[in-house]
Amino acid sequence: MQTDPFRARLARAIDPELNKAPGLSPFNRIVVWAILGMVLLGVLETEIRVVARAGMLLPLMEAAFFTFFALEYAARLYAAPLNPRYRSAWRFAVTPAALLDLLVLISFLSPLMGLEATVFRLLRLARLLRLARMGRYSRAMALIHRAVVMRATELGLSAAIALALMLGSATLLYVVEAATQPEAFGSIPRALWWAVATLTTVGYGDIVPVTALGRLLAAATALCGIGLIALPTSILAGAFADALRVAREEAADGQSDKPETPR
C-alpha cells in the first residue's frame with residue numbers, strides 16, 4: 001500500500017528515529033524550545049508575585065502550550081505507524097514516553113491539582129533525553145557512557161572512600177560533640193548531615209563543632225573533602241580523554257577500511 005506523502009514527510013520531521021539527517025529536525029528543535037518554555041512557565045507559576053503581576057498572560061500561555069503539545073501528540077500518533085518499531089498508533093500510545101506525554105496533557109486540564117500539576121509537567125524534560133538520542137547527540141552520550149564504564153571500578157572505589165570518610169567523621173564528631181550539642185551531634189545519623197555538608201565543601205554553617213578537639217577534627221574533615229571532590233573529577237577527566245582518543249582511532253580505522261573509489 002502506497003504511503004501518503006504528507007504522512008511520510010510528517011513522520012520524518014516528527015520522529016527522530018526516521019530522520020536520516022544528523023541532529024534534530026527543525027520541528028523537533030521547536031519542540032525542544034517549547035518544552036523549555038513550558039518548564040519555565042511551570043517554575044514561574046509557583047511564585048505568587050509573578051502570577052499576580054502577569055494577570056491573564058500566564059493562562060493564555062498555558063492554553064497556547066496545551067494546544068501546541070496536543071497537536072504534537074496527535075501528529076505523533078498519526079505518524080507512528082510508519083515507524084517499524086511501532087507499526088500502529090496504539091502500540092506507540094502505550095509506550096512509557098507516550099503515556100507520559102498524555103499525562104502531562106491531562107495535567108493542563110487539572111487546575112485543581114495545584115502545585116502537583118505544575119511539578120508533574122516538569123517531567124516533560126525527559127522528552128529531551130529521548131530527542132537527544134539521535135545523530136551527534138547520541139554519539140556524545142555514547143562517549144560519556146563509555147567513559148563512565150571504562151572507569152567504573154575507580155569511580156566505585158572513590159564512592160566507597162567517600163562513604164567511609166562521611167561515616168568515620170560523623171562517628172568521631174558524635175563521640176566528641178554529643179555531650180555538648182545533643183541536638184546536632186546526639187547520634188551518628190544526626191552528625192552525618194554535618195559530615196556531608198563539610199566533606200562536599202558546601203559548609204552551610206548551620207551545625208558547627210564548639211570543642212577544640214571537634215574543631216580540629218572538622219578541619220581535617222574539610223581538608224579531606226577537597227581531595228574527595230577532586231578524585232572523581234580527575235578520574236572522569238582522564239576517562240573522557242581516553243574515550244575520545246579511542247573514538248577517534250575507531251573513526252580513523254573505519255575511514256581506512258573503506259574501499260577506494262575507482263577512477
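Read-outs: derived from the displayed coordinates by stated rules, not from any lab. Remember, it's a predicted structure, so these values are computed and weren't measured experimentally. Glycine also receives a Cβ, built like all others from the backbone with ideal geometry; neighbour counts cover every protein chain displayed.
3J(HN,Hα) along the stretch 205-217: x, 6, 10, 9, x, 10, 7, 5, 5, x, 5, 5, 5 Hz, from the Karplus curve 6.51 cos²θ - 1.76 cosθ + 1.60 with θ = phi - 60°, whole Hz, x for Gly and Pro. If you model the stretch 145-188 as an ellipsoid using its alpha carbon gyration tensor, with each semi-axis the square root of five times an eigenvalue, the axes come out at 35, 8, 5 Å, biggest first.
Summing charges over all other residues whose Cβ lies under 12 Å from the Cβ of A239, with Lys and Arg as +1 and Asp and Glu as -1, gives +1. Within the stretch 1-55, the trypsin sites (Lys or Arg not before Pro) that combine a DSSP coil assignment with at most 11 other C-beta atoms in a 10 angstrom radius are K20. Using R0 = 35 Å, the C-beta based FRET efficiency linking V175 and L40 works out to 0.15.
Here the calculated FRET efficiency for I30 and I229, from their Cβ-Cβ distance with R0 = 41 Å, stands at 0.60, rounded to the nearest 0.05. Rounded to 0.05, the FRET efficiency of the E17 and R245 pair, given R0 = 30 Å and the Cβ-Cβ distance, is 0.50. Evaluating 6.51 cos²θ - 1.76 cosθ + 1.60 at θ = phi - 60° for every residue in the stretch 168-182, the Karplus couplings come out as x, 5, 5, 5, 5, 5, 4, 5, 7, 9, 4, 5, 7, 10, x Hz, glycine and proline recorded as x. Using the Cα coordinates of the stretch 147-257, the gyration tensor eigenvalues translate into equivalent-ellipsoid semi-axes of 42, 11, 9 Å, sorted from longest to shortest. Label separation (A70 vs L99): 2.4 nm, computed from points 7 Å beyond Cα along the C-beta direction.
Is the shape of the stretch 27-96 best called rounded, prolate or oblate, per the rule: a/c under 1.5 gives rounded, else a/b larger than b/c gives prolate, else oblate, with a ≥ b ≥ c the square roots of the Cα gyration tensor eigenvalues? Prolate, because a/c is 1.5 or more and a/b exceeds b/c. As a rough guide to protection, the peptides 54-63, 39-48 ranked by mean Cβ packing within 10 Å, highest first, stand as 39-48, 54-63.
In this simple spin-label approximation, D206 and I161 carry label points 7 Å from Cα along the Cα→Cβ vector, and these lie 2.9 nm apart.
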